[in-house]
Structure formats: C-alpha cells, structure tokens
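The block underneath contains the structure these notes are about, expressed in structure tokens.
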Amino acid sequence: MTAIPLQPPRRLVEFTLDGQEARVPEGATILDACRAAGKDVPTLCEGDTLTPKNACRVCVVEVAGARTLAPACSRRAEPGMDVRTDTERTRHSRRIVLELLASSVDMSTTPKVAGWLKEYEAKPERFGADAARVNEEPRVDNDLYVRDYDKCILCYKCVDACGEQWQNTFAIAVAGRGFDARIAVEHDAPLTDSACVYCGNCIEVCPTGALTFTSEFDMRAAGTWDEAAQTETTTVCAYCGVGCNLTLHVQDNEIVKVTSPHDNPVTHGNLCIKGRFGYQHVQNRD
C-alpha cells in the first residue's frame, strides 16, 4: 500500500474570474482556477509536474490594474484580484504568439494547436516562406526515440525533466544563444554518446512531438498512426518492486508506446528505461 502524506488544509482564495466569483486553495495558479471553472486556456510550455518556465506566453490573461498581461500558468491567485481570460488584448497576444510559433516551427503533431489557430484567427502564413526554420532532418541515432528539432519550440520542459526537477541526469541542455539557441546533448553528439539513460521522461513532457517514440515516428511516416483507434490501459510495472504505473497505448493489438499517469503518487509520470521501453517481450510471438 502506498502511503500518501496528508497536507495541512489550505485557506481558500476568493477572486473574480471573467465576472464570476472563484474560490481556489491558497497557492493555486490562475490556470488552476480556469481549469476548475472549465475554461480552455491554451498552454504549451506548462507542465503539471514541472515548475512553470513562462517560455511560450500563450496562456496570458489580463489582471485589472496590471500594466502587462500575466501568464496564467505561474501567476498565483490573490484575494480580490479581477482576472479576464478572453479580452481583445489577450486574444491579440495569443494570436501573435501562435503565429510566430507556427510560422517558424512544424506544429503538425502538437495536440490542440489546429483548433487554437482557428479560434484565435492566427495566420502564420502571413510571414511568408522566408520565416526562420531549423530545416533539419529528424535525428534517428538510437532504437528508442527520435529528436526532430524542426518541431521544437524551446519550452525547456525536456531540460527540466532531464535535470533537477525529475531525472537528475542532466544529459540535455540549451546550447547557443538568441536565434542559435537549441536543445542539445553535450558537444551536440549522437544520443548514444551522451549521458542519456533513455528514461524517456523528456518525451513524456514534450508538447509538440519534437521528442517522440521511434514506434510513433515510424508509424506516422508510414501513415498508420491513429490515436482515435488506440486504447489505454493502466497497469503496474513488473520489473521491480517500486510499483510504477504504466499506461499502455495499444493499436491493432500491439503496444505502440508507454506513458505514466502524472497523478500517480509513486512516480508522478516518471519511468526508467525498462518501464518506458521494455514492453517488446509482451508481444513477442516467438
């Protein structure tokens, strides 16, 4: 049985959200309040198990009396504040952010982004064919996962997951500055020559598919990847006694990838190489 430590009760913070009274536990963010109220505020760099980085700025909201827009993912709710999530100013800011990102990055595998582009009337094509892109072929230098920097928005979630917030391996970091900044391993070497331990926790948090399972990459290339046809089954990893939860994504009676529930009190979404990638024996027909 897993022991879940009890936390002291938190006071409730009362404020106004889009003209309606809202109450959230002390320490909750505006984004927490929006989700509790059923409001669909777009997010990209926000991770439910990571400290907010405020890198993408697509979740900004308007706080009465504030000079600038506030990122909902990191701004904590305060008593008496008046927050608006769908003003002309916030919609304009989100439209510009989405246009800049979608004109410079391949967001074809980013969940929900097509709907956001339509909702905010973003037109990334107005920047023309000369918009800056990495224009680099996906890196396939190992059997487990693929790095496609054409899809990277530099949200830093993978760096945080590989570093002090999750894995403490520090295999990847941001290299370069300004327009030359990019995610890389030491000396930009092949993954097999780096400190990577292949836990795949960076894939777990990547919002755009820049880091992806080799199985998913190959199936997308073959045109057989179909998330609507996939089922998800959560079970317990049998490799050791930790008791990590695994969510098996199954298509056509084959496991195509493994994730882990972020609300699991044992792993919080983290897995090791065996839990993340060691599923082939389950479907070995020999």
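The values are calculated or read from the model by the stated rules, or taken from the named source; none is laboratory data. Predicted model only: the values in this text are computed from it and were never measured. No Cβ is skipped: glycine too gets one built from the backbone with ideal geometry, and neighbour counts run over all protein chains shown. These area figures cover heavy atoms from the full protein model, side chains too; ligands, DNA and RNA do not enter into them. Shrake-Rupley method; radii C 1.70, N 1.55, O 1.52, S 1.80 Å.
Restricted to segment 145-229, the set of strands (runs of 3 or more DSSP E) holding at least 1 residues that are under 20 Å from Val105 (Cβ atoms), assigned by the TED database to the domain that holds Val266 and in contact (Cβ under 8 Å) with a residue 40 or more places away in the chain comprises 145-147, 182-185, 211-213. Taking the listed residues Val266, Val282, the one that is open to solvent by less than 70 Å² (accessible area, probe 1.4 Å) and either assigned to a helix (DSSP H, G or I) or not aromatic (Phe, Trp, Tyr) (or both) is Val266, with no other qualifying. Scanning segment 53-66 for residues that are crowded, with 21+ Cβ neighbours inside 10 Å, closer than 24 Å to Ser108 by Cα and in contact with a strand residue (DSSP E or B) (Cβ under 8 Å, 6 or more places away or on another chain) returns Cys59, Val60. Do the conditions hold for Pro190, that is, is it touching a strand residue (DSSP E or B) at 6+ places or on another chain (Cβ under 6 Å), of a type outside the set (Ser, Thr, Tyr), open to solvent by 20 Å² or more (accessible area, probe 1.4 Å) and more than 26 Å from Arg57 (Cβ to Cβ)? When the stated conditions are applied, Pro190 does not pass them.
Is it fair to say Ala129 is of a type outside the set (Val, Ile, Thr), outside the structural domain of Lys257 (by the TED database) and surrounded by fewer than 13 Cβ atoms within 10 Å (Cβ to Cβ)? Taking the combined requirement at face value, the residue satisfies it.
Taking Arg89 as the residue in question, decide whether it is basic (Lys, Arg), open to solvent by 30 Å² or more (accessible area, probe 1.4 Å) and part of a loop (DSSP other than H, G, I, E, B). Talk me through it step by step, then tell me what you get.
Details: basic (Lys, Arg): yes; open to solvent by 30 Å² or more (accessible area, probe 1.4 Å): yes; part of a loop (DSSP other than H, G, I, E, B): no.
No.
When Ala102 is tested against (1) assigned to a loop (DSSP other than H, G, I, E, B); (2) out of contact with any Asp or Glu (no Cβ under 8 Å at 6 or more places or on another chain); (3) among the small types (Gly, Ala, Ser), exactly one condition is not met: (1). Mind listing just one residue for me: the one in segment 198-222 that is aliphatic (A, V, I, L, M) and in contact with a Cys (Cβ under 9 Å, 6 or more places away or on another chain) and, of those, surrounded by the fewest Cβ atoms within 10 Å (Cβ to Cβ)? Checking each candidate, the answer is Ile203. Looking at Asp226, is it open to solvent by 30 Å² or more (accessible area, probe 1.4 Å), in contact with a helix residue (DSSP H, G or I) (Cβ under 9 Å, 6 or more places away or on another chain) and either more than 24 Å from Tyr149 (Cβ to Cβ) or among the charged types (D, E, K, R) (or both)? When the stated conditions are applied, Asp226 passes them. Of all residue pairs spaced 6 or more apart or on separate chains, none has beta-carbon atoms under 6 Å together with a first member in segment 243-271 that is in the same structural domain as Gly47 (by the TED database) and a second member that is open to solvent by less than 30 Å² (accessible area, probe 1.4 Å) and assigned to a strand (DSSP E or B).
Determine which member of the set Ala122, Ala114 is exposed (fewer than 13 other Cβ atoms within 10 Å of the Cβ) and closer than 21 Å to Ala55 by Cα. Just a single option satisfies the conditions, and that option is Ala114.
Return the only residue of Leu17, Leu44, Leu50, Leu69 being surrounded by 14 or more Cβ atoms within 10 Å (Cβ to Cβ), at negative phi, at pLDDT below 95 and outside the structural domain of Thr267 (by the TED database).
Result: Leu50 is the single residue among Leu17, Leu44, Leu50, Leu69 that is surrounded by 14 or more Cβ atoms within 10 Å (Cβ to Cβ), at negative phi, at pLDDT below 95 and outside the structural domain of Thr267 (by the TED database).
Scanning segment 94-110 for residues that are open to solvent by less than 20 Å² (accessible area, probe 1.4 Å), among the β-branched types (Val, Ile, Thr), closer than 29 Å to Glu62 by Cα and more than 19 Å from the chain's Cα centre (by Cα) turns up nothing.
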